[in-house]
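The values are calculated or read from the model by the stated rules, or taken from the named source; none is laboratory data. Bear in mind that the values here come from a model prediction, so they are computed numbers and not experimental data. Glycine gets a Cβ as well: all are built from the backbone with ideal geometry, and neighbour counts include every protein chain shown. Note: accessible area is taken over every heavy atom of the protein model, side chains too, but ligands, DNA and RNA are not part of it. Shrake-Rupley method; radii C 1.70, N 1.55, O 1.52, S 1.80 Å.
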Amino acid sequence: MQSDSIGVLTGVTETHLTVRTADGEIDIALAAVTAAKRIPDRRARSATERLELVAAAGWPPVEQGRLGDWLLRASGGWTGRGNSALAVGDPGRPVAEAVDAVIDWYGERGQRPMIAVPLPLGRRVQPELDRRGWDTITPTLVQTAMLSDLPASADPSVVLMREPTEEWFAGVGGRKGGLPPAARAILTGVPSARFAAGYSPDGALVATARGTVVDGWLGITVVGVEPDQRRRGWARRLTLALADWAAGAGAERAYLQVEEANTAARRLYEGLGFGTAHMYVVRLP
């Protein structure tokens with residue numbers, strides 16, 4: 001009786017082949033092999049994987065590497081998204097070795113290793129990180145909406161700019177503890193982008209947001225409102241202005257990322273028609 005083993009050939013000795021399958025690595029005696037052939041990788045990416053990769057492209061790190069399909073991102077420590085390995089796809093080696101490689105890559109850059117794990121995609125890596133005692137921080141919801149389902153907007157108090165001004169940078173930096181050079185590189189690193197600014201009647205900048213279009217998706221990030229201007233609809237106005245622009249730029253859908261604990265923001269976006277597609281967590285030692 002014969003059977004097939006499908007996977008990635010990871011080792012060859014005089015007597016055995018080592019193949020990494022979906023169930024783990026197995027050793028196969030060469031004497032037992034009657035036929036072998038190379039097959040192309042036709043695995044279709046899931047909707048969660050595709051969205052995570054779009055979101056990663058919308059927040060480009062200063063430095064990026066690869067570990068198989070995983071993305072390694074470093075940006076001098078500014079934001080978790082810009083300084084974590086994105087565990088999407090196959091790292092090209094056993095998970096334990098992949099985590100070791102992540103630790104080494106960040107260690108070479110003087111940074112603490114972090115891994116962003118989309119759920120439920122992370123069922124392979126999560127047990128290994130649990131075994132090592134890594135912490136889980138920042139559970140974040142990835143929410144999406146069809147642009148055609150969002151209300152139309154024509155608000156003269158919101159200005160969309162092709163390039164951010166120093167005033168816009170100062171507004172974002174004031175709410176994020178300053179903006180190092182890496183932050184500016186991330187924020188301006190997508191060619192198709194708009195920088196939204198909300199102005200009070202007296203001309204003061206009171207709200208900011210950023211929109212990017214990648215592969216037909218509008219990504220909405222760094223939505224922020226000055227404390228004395230909150231609960232006045234600014235986040236809604238900025239979001240809808242960016243949605244109008246993105247629809248004209250050919251986008252059909254929008255995504256944003258909101259921390260699970262931020263109930264006020266969740267209510268706002270759910271009220272606009274956003275629903276949770278999946279969530280991710282950041283793991284770190």
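Listing for the model above:
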item	result
In the stretch 118-133, the residues that are open to solvent by less than 10 Å² (accessible area, probe 1.4 Å) and modelled with pLDDT of 95 or more	Pro118, Val125, Leu129
Options Gly82, Gly76; residue that is touching a residue at least 60 places away in the same chain (Cβ under 8 Å) and assigned to a helix (DSSP H, G or I)	Gly82
Failed item in (1) modelled with pLDDT of 75 or more; (2) surrounded by fewer than 14 Cβ atoms within 10 Å (Cβ to Cβ); (3) touching a strand residue (DSSP E or B) at 6+ places or on another chain (Cβ under 6 Å), with Gly11 passing the rest	(1)
Filter pass, Pro139 being at pLDDT 95 or above, in contact with a Ser or Thr (Cβ under 7 Å, 6 or more places away or on another chain) and either among the acidic types (Asp, Glu) or within 30 Å of Arg236 (Cα to Cα) (or both)	no
Selected residue (only one of Thr136, Thr221 is open to solvent by 70 Å² or more (accessible area, probe 1.4 Å), in contact with a Leu (Cβ under 9 Å, 6 or more places away or on another chain) and part of a strand (DSSP E or B))	Thr136
Close pairs from the stretch 33-58: first over 21 Å from Leu187 (Cβ atoms), partner open to solvent by 100 Å² or more (accessible area, probe 1.4 Å) and at pLDDT below 95, Cβ under 7 Å, at least 6 apart	Thr34/Gln2
Condition check for Ile115: open to solvent by 40 Å² or more (accessible area, probe 1.4 Å) and β-branched (Val, Ile, Thr)	no
Selection status of Trp105, of a type in the set (Phe, Trp, Tyr), touching a strand residue (DSSP E or B) at 6+ places or on another chain (Cβ under 6 Å) and not in a strand (DSSP E or B)	yes
Subset of the stretch 167-184 [surrounded by fewer than 17 Cβ atoms within 10 Å (Cβ to Cβ), in a helix (DSSP H, G or I) and within 20 Å of the chain's Cα centre (by Cα)]	Arg184
Filter result (open to solvent by 40 Å² or more (accessible area, probe 1.4 Å) and either on the phi > 0 side of the Ramachandran plot or more than 15 Å from the chain's Cα centre (by Cα) (or both)) within the stretch 67-95	Gly68, Gly76, Gly77, Asp90, Gly92, Arg93
